[in-house]
1. If a/c stays under 1.5 just call it rounded; otherwise compare a/b with b/c (prolate if a/b is bigger, oblate if not). Do that for region 172-226, with a ≥ b ≥ c from the square roots of the Cα gyration tensor eigenvalues.
2. Calculate the dipole size of the chain relative to its Cα centre from +1 charges on Lys and Arg beta carbons and -1 charges on Asp and Glu beta carbons; express the result in debye to the nearest 20.
3. Would you mind checking the pairs K242/K303; K242/K359; K5/K133 and listing those with alpha carbons more than 28 angstrom apart?
4. How about K276: which aspartates and glutamates have a C-alpha closer than 14 Å to its C-alpha, ignoring those fewer than 8 places off in the same chain?
5. How do the peptides 266-276, 216-226 rank, highest first, by the average count of neighbouring beta carbon atoms within 10 Å per residue?
6. Place +1 on the Cβ of every Lys and Arg and -1 on the Cβ of every Asp and Glu in the chain, take the dipole about the Cα centre, and give the residue among L168, I187, L40 whose Cα lies farthest towards its positive end.
7. Grab the DSSP H runs of the chain that are 4 residues or longer, score each as -39,500 (n - 2.57), total them, divide by all residues and round the 222 nm result to the nearest 500 deg cm²/dmol.
8. What is the local net charge at Q154, summed over the other residues whose Cβ is closer than 14 Å to its Cβ (Lys, Arg +1; Asp, Glu -1)?
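Read-outs: derived from the displayed coordinates by stated rules, not from any lab. From a predicted model like this one, the values you see are computed outputs, not experimental measurements. As a convention, Cβ positions derive from the backbone with ideal geometry for all residues, glycine included, and neighbour counts pool all protein chains shown.
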Amino acid sequence: MANYKYAIEIAILVFPVIAFFITFPYMVVQYFKYGSIPFLRTVIIYSFVLYLLTSYFMVILPLPMIKDVLKLNTPWIQLVPFKFIGDLILESKFIISDFSTYLVALRQPVFYVNAFNILLTVPFGVYLRYYFKRKWWEVLIFSFLLSLFFEVTQITGLYGIYPRPYRLFDVDDLILNTIGGLFGYLITPLFVHLFPSRDRVDEIAYERGKIVSFSRRCIAYLIDYVLYNIFIIIFILFFNIKFSIEFYSFGFLLYFLISILLFSKNTIGKKIVKIKIVNQNGNEAKVHQVLARYILRYIIYFKVYDIINWSREVSNINNFTSLISVFLCIFLFFIYIKTFFDIFTRKDQYIYENLSKTKNISTISYNSMD
């Protein structure tokens with residue numbers, strides 16, 4: 001039991017790292033399918049990831065020293081089905097007609113180790129039926145495949161890291177893990193009424209997906225930012241072109257301008273998270289409006305700062321340039337405060353959108369979801 005506790009503790013420690021790396025892809029997928037990320041769905045998905053991580057660590061931990069594995073001469077494979085039943089009878093002197101032997105049998109390691117093999121995959125069956133809406137035969141297959149993955153991990157000595165297996169490949173584990181997944185499927189209706197159905201979770205996501213949230217806009221922007229940097233890296237590697245900081249920011253503007261001309265007045269990021277730019281009446285935006293939108297954003301949030309730096313450099317020429325610098329600083333401060341206030345109060349339009357008379361709408365539809 002100490003090994004199980006150790007595996008759970010390690011999984012809890014490692015999980016934040018795994019969560020960090022999967023969060024961005026997870027958000028992209030959720031916005032693409034549903035247009036929002038309901039809290040309950042996030043809890044379900046991340047708890048499922050934590051469960052799989054914990055199960056995996058229970059299979060491989062604790063990791064022995066390689067020198068200790070080299071000294072092992074124990075069997076590394078067991079292919080006799082239900083051998084654990086004979087071992088239980090042999091070790092506990094279990095007699096089915098003698099109730100006094102039952103308690104003795106329950107205390108034997110061979111019993112609770114194999115009982116744990118069933119319990120290990122019970123949550124897997126619950127998740128597959130409740131959230132992933134799999135049929136019983138699909139749960140049976142997936143539970144077997146999960147168990148097979150665990151056993152292959154063991155028989156390969158953790159994929160060749162160790163010179164030989166340090167744990168036994170046991171066909172009984174395959175059988176019991178598969179039974180555990182199916183048992184989880186069967187008991188799901190006993191407590192699933194405590195939570196909203198998967199269909200209800202999807203409906204909530206769809207309703208919230210009609211609103212273009214700030215985080216959704218950020219994900220679209222990050223996708224475009226990543227794609228732009230990929231293009232920059234390609235140019236640097238294949239064409240040996242170096243970019244100044246000034247051109248880098250201007251190039252980002254060009255990326256947006258070219259994108260809206262190629263992708264029906266949208267960017268790749270917005271298309272992925274199902275956002276569309278329209279005019280303030282909700283009708284199709286004109287090309288010049290969308291161009292103005294991104295040019296204004298570039299000037300307001302990027303070039304004003306550059307102008308301030310330039311005016312500071314030449315401020316010693318005369319008082320007029322100093323006055324311009326002060327005025328621009330006040331203007332930029334006002335812009336940033338206004339933007340922060342709009343984000344904090346969840347306004348769906350910012351300064352450059354009001355000036356260009358454009359706005360974002362959601363293109364998500366319930367029929368497009370699985």
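1. Working: a/c = 6.24, a/b = 1.93, b/c = 3.23.
Since a/c reaches 1.5 but b/c is at least a/b, the shape of region 172-226 is classed as oblate.
2. On the way: 36 positive and 23 negative charges, 241 e Å.
Result for the chain is approximately 1160 debye, rounded to the nearest 20.
3. Details: K242/K303 21 Å; K242/K359 35 Å; K5/K133 31 Å.
Table pairs above 28 Å Cα-Cα are K242/K359; K5/K133.
4. Straight-distance partners of K276: E284, D348, E353.
5. Details: 266-276: 21.0, 216-226: 18.3.
Those peptides, ordered most packed to least, come out 266-276, 216-226.
6. With unit charges placed on the Cβ atoms, the residue in question is L40.
7. On the way: 17 runs with 254 residues, N = 370.
That comes out to -22500 deg cm²/dmol.
8. Working: positive: R164, R167; negative: E151, D170, D172, D173.
Local net charge: -2.
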